[in-house]
Amino acid sequence: MLSPAELERYARHIVMQEIGGAGQQKLKNARVLVIGAGGLGAPVLQYLAAAGVGTLGIVDDDTVSLSNLQRQVIHDTDQLGEPKVASAAEAIARLNPNVDVVPFPTRIAGQNALALISDFDLVVDGSDNFDTRYLVSDACFFAEKPLVTAAVGQFDGSITTLRPFETNADGELNPTYRCLFPQKPRDGLLPTCAEAGVLGALTGIIGAMQAMEVIKEITGTGEGLVGRMMMFDARTFRMETIRYRRSARNPLNGENPKSWAEMLESV
């Protein structure tokens, strides 16, 4: 049940017909795992904490550095050198003490991905590299957990929601991340954030969109981005949405789909 203080804190949600008290209780009961407490993870964590998501898991093995602060707004100058999971947990406690934070000061990898993900209801991927994105998406497929994944470049970002273990309204299986991106780009093909740079406010826009998708998924509000990818260009402030479907060439499909162990070999 929501306490009197929570009823006041979340009043602007509760008066909404689409959320209401029932939706707010769903948020309170939800367990969400956020991969990365960086540019995308920072606004995701802030907005989910403010919204009253009851338990937030944070996976990150990095520490706060001065160059992070241009975009990773959950951290501040006084926390330089501190583990990002600890810094983020401190910020969340200040923002909303009703939220339980479960920090994982480690890098998500093949040996721990399924164990980490299986203990949560939904996963948000805010990582900055393709190896992690493929790993997390595959693990969510095998653990049957919804995944909200996003990526940013210098001035552009994209976001989609994955529920490949369910069928759509036409009775077809929803697509996986590998249906959208069949092959991982070879190492060195795309510049890293450190090499190319990124507009700090862009990560806030896309991260806030990820938080919105999570809230919609938890409360059952609106239409999620399953089978759709939203692309945003900050230069022109133009948004476009493309649709994509389950691919027959996906290694997770067919008569002999690959196992979790086999998928790890391709990451």
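The values are calculated or read from the model by the stated rules, or taken from the named source; none is laboratory data. Everything numeric here is computed off the predicted structure, so don't read it as measured data. So basically every Cβ, Gly included, is an ideal-geometry build from the backbone, and we count neighbours across all protein chains shown.
Assorted remarks:
- Residues of the stretch 199-225 that turn out to be part of a loop (DSSP other than H, G, I, E, B) and either surrounded by 21 or more Cβ atoms within 10 Å (Cβ to Cβ) or under 14 Å from the mean Cα position of the chain (by Cα) (or both), as a count: 2
- The set of residues in the stretch 1-20 being of a type in the set (Lys, Arg) and touching a residue at least 12 places away in the same chain (Cβ under 8 Å) consists of 9 alone.
- Flag for residue 202 being out of contact with any Ser or Thr (no Cβ under 8 Å at 6 or more places or on another chain) and at pLDDT below 95: no
- Within this structure, residue 230 passes the test of being touching a residue at least 12 places away in the same chain (Cβ under 8 Å) and over 16 Å from residue 146 (Cβ atoms).
- Matching residues, the stretch 95-120, being assigned to a helix (DSSP H, G or I), out of contact with any helix residue (DSSP H, G or I) (no Cβ under 7 Å at 6 or more places or on another chain) and surrounded by 15 or more Cβ atoms within 10 Å (Cβ to Cβ): 116
- The one condition from (1) in a loop (DSSP other than H, G, I, E, B); (2) touching a Lys or Arg at 6+ places or on another chain (Cβ under 9 Å) that residue 17 does not meet is (2).
- The stretch 21-36, residues that are surrounded by 14 or more Cβ atoms within 10 Å (Cβ to Cβ) and either free of Cβ contacts under 8 Å to residues at least 60 places away in the same chain or assigned to a helix (DSSP H, G or I) (or both): 21, 23, 24, 25, 26, 27, 28
- Selection count, the stretch 40-69, where residues are in contact with a strand residue (DSSP E or B) (Cβ under 7 Å, 6 or more places away or on another chain) and assigned to a loop (DSSP other than H, G, I, E, B): 3
- Scanning the stretch 1-14 for residues that are closer than 16 Å to residue 219 by Cβ and in a loop (DSSP other than H, G, I, E, B), we see that the one that is modelled with the lowest pLDDT is 2.
- Qualifying positions in the stretch 174-198 - under 18 Å from residue 230 (Cα atoms) and either surrounded by fewer than 11 Cβ atoms within 10 Å (Cβ to Cβ) or in contact with a strand residue (DSSP E or B) (Cβ under 7 Å, 6 or more places away or on another chain) (or both): 174, 176, 177, 180
- Cβ pairs under 9 Å, 6+ apart, first in the stretch 194-218 and on the phi < 0 side of the Ramachandran plot and touching a residue at least 12 places away in the same chain (Cβ under 8 Å), second assigned to a helix (DSSP H, G or I) and of a type in the set (Lys, Arg): 218/26
- From 228, 243, residue being modelled with pLDDT of 80 or more, loosely packed, with under 10 Cβ neighbours inside 10 Å and within 30 Å of residue 19 (Cα to Cα): 243
- Qualifying positions in the stretch 121-132 - crowded, with 22+ Cβ neighbours inside 10 Å and part of a helix (DSSP H, G or I): none
- Applying the condition of being among the charged types (D, E, K, R) and surrounded by fewer than 24 Cβ atoms within 10 Å (Cβ to Cβ) to the stretch 133-157 and asking which residue is nearest to residue 214 (Cα to Cα) yields 145.
- With respect to the conditions (1) farther than 17 Å from residue 60 by Cβ; (2) assigned to a loop (DSSP other than H, G, I, E, B); (3) out of contact with any Ser or Thr (no Cβ under 6 Å at 6 or more places or on another chain), residue 164 falls short on a single one, namely (3).
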